[in-house]
1. Which of (1) at pLDDT 95 or above; (2) surrounded by 15 or more Cβ atoms within 10 Å (Cβ to Cβ); (3) out of contact with any Lys or Arg (no Cβ under 8 Å at 6 or more places or on another chain) does Val5 not meet, given it meets every other one?
2. What's the number of the only condition in (1) in contact with a helix residue (DSSP H, G or I) (Cβ under 6 Å, 6 or more places away or on another chain); (2) in a loop (DSSP other than H, G, I, E, B); (3) at pLDDT 95 or above that Val111 fails to meet?
3. Looking only at region 43-57, which residues are assigned to a loop (DSSP other than H, G, I, E, B) and at negative phi?
4. Every residue in region 58-108 that is assigned to a loop (DSSP other than H, G, I, E, B), within 26 Å of Ser25 (Cβ to Cβ) and open to solvent by less than 30 Å² (accessible area, probe 1.4 Å), please.
5. Looking at region 34-57, I want the residues that are over 16 Å from Trp103 (Cβ atoms) and have a partner that is small (Gly, Ala, Ser) and not in a loop (DSSP other than H, G, I, E, B) with Cβ atoms under 6 Å, at least 6 apart or on another chain. Which pairs are those?
Amino acid sequence: QVQLVESGGGLVQAGGSLRLSCAASGSIFSITAMGWFRQAPGKQREFVARISSGRITNYAGSVRGRFTISRDNAKNTVYLQMNSLKPEDTAVYYCKTMDYDYWGQGTQVTVSS
């Protein structure tokens, strides 16, 4: 069983920054790609970013150049650094093990204009 716990969400003004963390339990973390997704009110959950076990990264077009995904295998943690935040980034952010179907409980990010 794998548990994922996100943290770091909050309220920030447009143009500000936040760093989300996702701490994973279990032994699969270092061998699985990890991803971040988000879901805004009334919208479907959407892909934000992905990092492979070999640290190859992919981003949604809407966040490329503003968000950075990284991982620390020694800490079983994946991060999402979010810069130049916009009101449209407001959502609940979830981390996921990309090679297995485990999700975190989500952390709320609210960007005020």
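1. Of everything listed in (1) at pLDDT 95 or above; (2) surrounded by 15 or more Cβ atoms within 10 Å (Cβ to Cβ); (3) out of contact with any Lys or Arg (no Cβ under 8 Å at 6 or more places or on another chain), Val5 misses just condition (2).
2. For Val111, the exception is condition (2).
3. Answer for region 43-57, where residues must be assigned to a loop (DSSP other than H, G, I, E, B) and at negative phi: Lys43, Gln44, Arg45, Ser52, Ser53, Gly54, Ile56.
4. Gly104, Gly106
5. Cβ pairs passing all conditions: Ala40/Ala91.
The values are calculated or read from the model by the stated rules, or taken from the named source; none is laboratory data. This structure is a prediction, so every number in the text was calculated from the model and none was measured. Counting neighbours? That spans all protein chains shown, and the Cβs are built from the backbone with ideal geometry, glycine included. To get the accessible areas, we keep the full protein, side chains included, count just its heavy atoms, and leave off ligands, DNA and RNA. Shrake-Rupley method; radii C 1.70, N 1.55, O 1.52, S 1.80 Å.
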